[in-house]
C-alpha cells in the first residue's frame, strides 16, 4: 500500500506513553509495559484518555495523525515475563489495534489517520545485554508482525532499535508478512547507536540488507542535542520522523533517575524547528520519554508549515 504521509503533509503522533502513565497518572507498569492495560475496561479507558489530547493537536490544524499502538512491549519475551501465553499475547495485540480503529473513527473529521502496530526491541531499549542475529530477530518479531498484518494496521513501526541486526530482522519479517515497516533507531549523546554504529551507516546497512527497504527511518528516545550534529549526508533524506525525549540526559542517567525530567517544551520545540532544513523528508513528529501533549504542541507550533491558526 502507499502510505499517505510519504506523499507530503505533516502527521503528528503521541508522546511518551509509558512515562506519562507512570509519572503523571501514577500507574505501575511492570517491565515498562503498557499493553496489559488492555486486559480490562478501566485500563483501556486510561489508554483512550492518553491518546485523545495528541489526536486533538492534529485535528486543530488539519494535520494527519499516526496512532501508534500501546504494544512496544507486546512481544514474546516480555509477554512471558509478564505471565501471558502466546494466545493471550495475540489477543491483546489485536485488541490494541481495535482500540486504534475506535480512536480513528472518533477523529475522522480531521486529517488522515494511520494505524501503526508498535514493535519494541527484544532486549533493553537503552543497552541490550545480548543481541540477536538478523535471522533470529526476524523469527522473534514475526509473531507480533504477523498479528498486526492480520488486522487493520496500516504499517508497523519498530521503535528504539539499538543495533542494526534487529532492525534488519524486523524489516524482513514485515516484508514477509506484506505490511509496510518503519525503523526507528535510538542514539546516545554522541549521535551513535548504543551499538556504537553511526546512524547513517545503520540506515544504509538496513536498506542494503532488506529485499524491500523500510518505508523510512525515524530517530526516537534521544534529545535533539544528541543527534543534531550528525545530520549530514544523503542518508538524512531517509529520515521521515522524529520522536525525541524531553530530557537532555543520557540513557544511563535516565535509567538512574527517580523522578521525571520533563525538560523545557518550548526549547524542545525550537530545537525541532531548527532541524527542518536538514531533514527534508520528515513528515511525522511526536515525542518519547518524558514528553506529553505540551511538548508535542510546542514541536508542532515550531515546525515550519504547521504554525497556522487553530480552528
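Where a number appears in this text, it was derived from the coordinates with a stated rule and is not lab data. All values derive from a computational prediction rather than experimental measurement. Quick reminder, even Gly has a Cβ in these numbers, built from the backbone with ideal geometry, and neighbours come from all protein chains shown.
Quick check: anything in the stretch 47-57 closer than 16 Å to residue 120 by Cα and either within 17 Å of the chain's Cα centre (by Cα) or part of a helix (DSSP H, G or I) (or both)?
No: zero hits.
Do any helices (runs of 4 or more DSSP H) lying entirely in the stretch 138-251 carry at least 2 residues that are in contact with a helix residue (DSSP H, G or I) (Cβ under 6 Å, 6 or more places away or on another chain) and crowded, with 20+ Cβ neighbours inside 10 Å, and which ones are they?
164-177, 199-209
Only one of (1) farther than 24 Å from residue 219 by Cα; (2) in contact with a strand residue (DSSP E or B) (Cβ under 6 Å, 6 or more places away or on another chain) is not met by residue 79, so which one is it?
(2)
Only one of (1) over 21 Å from residue 162 (Cα atoms); (2) part of a helix (DSSP H, G or I) fails for residue 259. Which number is that?
Failing condition for residue 259: (2).
Quick one: is residue 117 touching a helix residue (DSSP H, G or I) at 6+ places or on another chain (Cβ under 7 Å), part of a loop (DSSP other than H, G, I, E, B) and surrounded by 16 or more Cβ atoms within 10 Å (Cβ to Cβ)?
No; evaluated as a whole, the condition is false for this residue.
Only one of (1) in a helix (DSSP H, G or I); (2) crowded, with 20+ Cβ neighbours inside 10 Å fails for residue 91. Which number is that?
All conditions are met except number (2).
I need a count of the residues in the stretch 6-20 that are in a helix (DSSP H, G or I) and surrounded by 21 or more Cβ atoms within 10 Å (Cβ to Cβ).
Residues in the stretch 6-20 being in a helix (DSSP H, G or I) and surrounded by 21 or more Cβ atoms within 10 Å (Cβ to Cβ): 3 in total.
List the residue pairs whose Cβ atoms are under 8 Å apart, where the first residue sits in the stretch 21-35 and is without any contact (Cβ under 8 Å) to a residue 12 or more places away in the chain and at negative phi, the second is outside any loop (DSSP other than H, G, I, E, B) and surrounded by 14 or more Cβ atoms within 10 Å (Cβ to Cβ), and the two are 6 or more positions apart or on different chains.
Close Cβ pairs satisfying both conditions: 28/22; 29/18; 29/21; 29/22; 29/36.
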